[in-house]
Amino acid sequence: MTGKVAVVTGAGTGIGRAVAVTLLKAGYRVALAGRRAEPLEETAAMAGGESLCVPTDVADAASVAALFAAVHGKWGRLDLLFNNAGLNAPGVPFDELPLEKWREIVDVNLTGSFLCAQHAFRMMKAQSPQGGRIINNGSISAHAPRPDSAPYTATKHAITGLTKSLALDGRGFNIAAGQVDIGNAATPMTQRMQKGVKQANREVKVEPTMDVQNVADAVLFMDGRTPEANVLFMTIKATEMPFEGRG
């Protein structure tokens, strides 16, 4: 795997940081993308290796184009995109959700993933040797919602459709696409789990979490398959979190 080139979005914190650090330690050359430069630089310093910090707003087409132009300019190819950047909406009742918040979540989680995947696909199709792998962060919410999570859940269900389309459209170009659906990885975004989160019956309960390194190792495993093999979907979750019986 040494020498592969990867792009990780949302690399400044949480799951993106853990994946980026793990890839760097495995010998990948990694472009770290996120809205703020300082957290990206902190991620790079945690791992060493060869990295490129590119402040990026994935919801902005020009910003995404600049990210992939920087990767092409530095390394000339791309082997892996981990499409991870995402936002969640505040847990407000469905009928009280502002349209602006819906659009913000859709722009980042869905349109941002599309833009990054499209640029990655173009690079992978055009380069020699041809091909690469795109891994989308789908989330447990790609399968089952939490209460008051319509925008996030809708975008994560849509990511599943994007993953399947990429996997199909990548045939013939050596481009594989897969999705990792994550449940309760311990990150700043899931700190609220320790205080309690709303369940399907509207009760509030503390939920178990898992070490985020499990997710990073899963992404490394998915990309470590030989080109003729693809992990289309993987679910990795805290063992005792309420998913199998959610709702």
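The values are calculated or read from the model by the stated rules, or taken from the named source; none is laboratory data. A quick note: this is a predicted structure, and the numbers were derived from the prediction, not measured. Positions of Cβ are generated from backbone atoms using ideal geometry, with glycine treated the same way; all protein chains shown enter the neighbour counts.
Inspect the stretch 113-136 for any residue being in contact (Cβ under 8 Å) with a residue 60 or more places away in the chain, part of a loop (DSSP other than H, G, I, E, B) and under 21 Å from Thr163 (Cα atoms) and give the result as yes or no. Yes, because at least one residue in the stretch 113-136 is in contact (Cβ under 8 Å) with a residue 60 or more places away in the chain, part of a loop (DSSP other than H, G, I, E, B) and under 21 Å from Thr163 (Cα atoms). The listed residues are Glu244, Glu240, Glu228, Glu207, and the only one of them that is of a type outside the set (Lys, Arg), surrounded by 13 or more Cβ atoms within 10 Å (Cβ to Cβ) and in a loop (DSSP other than H, G, I, E, B) turns out to be Glu207. Among the residues of this structure, Gly27 counts as one that is on the phi > 0 side of the Ramachandran plot, at pLDDT 95 or above and surrounded by fewer than 19 Cβ atoms within 10 Å (Cβ to Cβ). The single condition among (1) in contact with a Ser or Thr (Cβ under 7 Å, 6 or more places away or on another chain); (2) among the polar types (S, T, N, Q); (3) touching a residue at least 60 places away in the same chain (Cβ under 8 Å) that Asn88 does not meet is (1).
Restricting the stretch 63-107 to residues that are of a type in the set (A, V, I, L, M, F, W, C) and assigned to a loop (DSSP other than H, G, I, E, B), the residue that is nearest to Leu24 (Cα to Cα) is Leu78. For the stretch 151-200, the tally of residues that are part of a loop (DSSP other than H, G, I, E, B) and among the hydrophobic types (A, V, I, L, M, F, W, C) stands at 3. Considering the stretch 68-96, the residues that are among the aliphatic types (A, V, I, L, M) and surrounded by 23 or more Cβ atoms within 10 Å (Cβ to Cβ) include one that is modelled with the lowest pLDDT, namely Ala85. For beta carbons closer than 7 Å, sequence separation of 6+ or different chains, a first residue in the stretch 213-240 that is among the small types (Gly, Ala, Ser) and a second that is part of a strand (DSSP E or B) and surrounded by 15 or more Cβ atoms within 10 Å (Cβ to Cβ), the qualifying pairs are Ala218/Val180; Ala218/Met234; Ala218/Ile236; Ala238/Gly183; Ala238/Met210.
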